[in-house]
1. Enumerate the pairs (first residue in the range B:201-216 and modelled with pLDDT of 95 or more; second residue anywhere and charged (D, E, K, R)) with beta-carbon separation below 7 Å, excluding pairs fewer than 6 apart on the same chain, so at least 6 apart or on different chains.
2. Restricted to the range B:296-322, and to residues that are among the basic types (K, R) and surrounded by fewer than 17 Cβ atoms within 10 Å (Cβ to Cβ), which residue is farthest from the other protein chains (Cβ to nearest Cβ)?
3. Across the range B:240-256, what is the number of residues that are among the polar types (S, T, N, Q), within 13 Å of chain A (Cβ to nearest Cβ) and surrounded by 19 or more Cβ atoms within 10 Å (Cβ to Cβ)?
4. Across the range A:364-387, what is the total count of residues that are aromatic (F, W, Y) and open to solvent by less than 40 Å² (accessible area, probe 1.4 Å)?
5. Looking only at the range A:68-76, decide whether some residue is under 26 Å from A:D343 (Cβ atoms), within 11 Å of another protein chain (Cβ to nearest Cβ), surrounded by fewer than 20 Cβ atoms within 10 Å (Cβ to Cβ) and touching a Phe, Trp or Tyr at 6+ places or on another chain (Cβ under 9 Å).
6. Report yes if B:E259 is closer than 23 Å to B:E170 by Cβ, open to solvent by 20 Å² or more (accessible area, probe 1.4 Å), at pLDDT 95 or above and assigned to a helix (DSSP H, G or I), otherwise no.
7. Please go through the range B:262-285 and give me each residue that is open to solvent by 20 Å² or more (accessible area, probe 1.4 Å), of a type outside the set (G, A, S) and outside any strand (DSSP E or B), ordered by number.
8. Quick check on this structure: which one of B:L103, B:L86 is modelled with pLDDT of 90 or more, within 8 Å of chain A (Cβ to nearest Cβ) and open to solvent by less than 70 Å² (accessible area, probe 1.4 Å)?
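The values are calculated or read from the model by the stated rules, or taken from the named source; none is laboratory data. Only a predicted model underlies this, so the values are computations on that prediction, with no experimental measurement involved. Cβ atoms come from the backbone with ideal geometry, glycine included; neighbour counts cover every protein chain shown. Areas reflect the complete protein model, heavy atoms only, side chains present, ligands, DNA and RNA absent. Shrake-Rupley method; radii C 1.70, N 1.55, O 1.52, S 1.80 Å.
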There are 2 protein chains.
Amino acid sequence: MKRIEILTALFLLSTVVTAQQDIFTRRGLSSPEIHEDGTVTFRVQVPKASEIAISGSWMAAEGLAPGVAMMEKENDSVWSFTTDPLKAEMYRYNLFVNGVRTLDPANAHAIRDVANLSNVFIVGDGQADLYRVNKVPHGTVTFRWYPSPTVDKTRRMAIYTPPGYENNQEDYPVLYLHHGIGGDEEAWLGSGRAAQIMDNLIARRLARPMIVVMPNGNVFQEASPGNGSRGFVQPTFMLPNTMDGKFEESFGDIQAFVESNYRTIAKKEGRAIAGLSMGGFHTANISLNYPNTFDYVGLFSSALGVRPMGDSTSEMYKNKDQKLKQQMENGYKLYWMAIGDGDMEMLLKGNASFRKKMDGMGMNYEYLETGGGHTWDNWRSYLSIFTQKIFN
Amino acid sequence: MKRIEILTALFLLSTVVTAQQDIFTRRGLSSPEIHEDGTVTFRVQVPKASEIAISGSWMAAEGLAPGVAMMEKENDSVWSFTTDPLKAEMYRYNLFVNGVRTLDPANAHAIRDVANLSNVFIVGDGQADLYRVNKVPHGTVTFRWYPSPTVDKTRRMAIYTPPGYENNQEDYPVLYLHHGIGGDEEAWLGSGRAAQIMDNLIARRLARPMIVVMPNGNVFQEASPGNGSRGFVQPTFMLPNTMDGKFEESFGDIQAFVESNYRTIAKKEGRAIAGLSMGGFHTANISLNYPNTFDYVGLFSSALGVRPMGDSTSEMYKNKDQKLKQQMENGYKLYWMAIGDGDMEMLLKGNASFRKKMDGMGMNYEYLETGGGHTWDNWRSYLSIFTQKIFN
């Protein structure tokens, strides 16, 4: 066999492929560079005169628009921007070149949230350390298709099974975890860092090993955009059958599949349900309509006080006061609500009204009001708090 | 519970979140738009004067650089570019705004190949239909961690189990499928469309239901960049322990894990191994060093004729001629090689030399020379051909 020096070979291989990938932007820029003091520097190479802006999740929003900062020319072609010290958190950001939203070409790590790809990075320890992949035992993440006869589709869910699940015969409790509007079965794994949060909490013995089931709450879809038979469709907020009761009606298909395909504690004490925003709406309604099914309910920045799709005649949305009373009488171990004080007025009001109703009924719940708004920063935090409170 | 009309609520929700995501670029552009005749139109909104180029995998490369085309101003702020009719294929592309590589803001579908995120789309039927998510039974995709004592790490692999695997007690054959240099355990699922190819071939009864194991061939890594404890590191080609024998030495850990955790046909006739480029190098060496283990070997654009890392003293790379003779004498059902006639001269020569050696020994193999170069277009095609030839 004729042999050529590996260094030459690799050099050629990498030159070709890099050239194919990266013809305009030179390599070697470090971006983001996270400094000891928590400041972060971004750099981008811009061969031609331009206007470069950066928008990141650490910037204060101005009204409905997030903050934006202009990057500055560092030299002939490199532009940069350095933040103030950032608190420990996972952040996302985009660059804008002459107004065109783009990613940082030097950062290959991007997460899709609805239709937007943003770069991500993590700063600091503490809470943020829960979002890192640490040297701890890792659970298994599975994308699995299940039959949903209620909506006449085969659909895709994501499932986290905790470390050890495959190597023993134990039964595990299950958390059903729901995404928000525009999201899908990948949202909690991507922006939500659910697998990392669970790995880390379980390793620290702060949460009980549990199965986390992340369904797709849009029954119009088989799967997240690009993973269903509609092809690489652009993700949108407004899908048919959003919040019309169909997803709640089909929840029984999910539960039946999980309980017949995984070793679960198929009892009320072994089931929790939680969700963010629209997923909180789904959670509240499912826990009402599947009586005596869940001992733990978590509403994260929940879309309470939101009326279902105009013409829905779903049984899911009928006699809700009566169902709530029944839920209270059946009993449960934890009804947990959290919302940021900077969330939308509408949702703050909806949550306040719901709490007032529960107070009036004498229905127990825990309520946590945090800072922040309708953000993944809050939802990651809420997940890490809620999962420490359940199945104990 | 106070209720607000859903339309208002959804409007507010989507306005807020969209505004946070997409402040500079207006929605509503359709890009890419795939026309009946196979032409494709791309559109991007550019608020400020700029130079917009597009580079796509359908363009002929010029030397080491891929083709690039300038987009044209369609009106005040929208730039566009329309291709000639494209043959059925999955394509990737990037935009360049004033020389900064970016993604199409209207296309949320991007796949990372090494350090580069590119948008993707699929045109046409035929071969390209194998790359689509069709309404056929879907296998399960799992990201699973396994112990690799040989390299003293816990490492991550991707595993495809075919439709029905979870619902019967049958044993399945296993294909071990290896990525190229700079790739990782996600490469064959992303750019390679391995799950879609298998779903579609199995549904058409063109391939036997099989388990496909996609390990990470860089033993320096626990997992793909961002999924290991090194954090969101930028992917690179040049990692320590690349092609120094360590991955081949650790292959036994992978095989042992798979055969003890999955229902496999743990016999030579139930094992196949294949890989692209560096993964072809791994495949050739593993099949030499694990004698009588595989009945099927597939080398896709394989890095043959490439010398291992300079100072490697691995047993894996010693006495290779003798091991090859032994492999021939032990027998196997298929030794399959494929390469594009436009691949790198070095690899074409390395493959030719290897075939000459086999010819001289009287060692049987099948050889397919296609058009094209060192590309995912070829590797998707080779995978779909190879998997129809094995386990029959």
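1. B:M214/B:E185; B:P215/B:E185; B:N216/B:R155; B:N216/B:R156; B:N216/B:D184; B:N216/B:E185
2. B:K318
3. Result for the range B:240-256: 1.
4. Here the count works out to 4.
5. Scanning the range A:68-76 turns up at least one residue that is under 26 Å from A:D343 (Cβ atoms), within 11 Å of another protein chain (Cβ to nearest Cβ), surrounded by fewer than 20 Cβ atoms within 10 Å (Cβ to Cβ) and touching a Phe, Trp or Tyr at 6+ places or on another chain (Cβ under 9 Å).
6. Spelling it out, B:E259 is indeed closer than 23 Å to B:E170 by Cβ, open to solvent by 20 Å² or more (accessible area, probe 1.4 Å), at pLDDT 95 or above and assigned to a helix (DSSP H, G or I).
7. B:Y262, B:R263, B:I265, B:K267, B:K268, B:E269
8. B:L103
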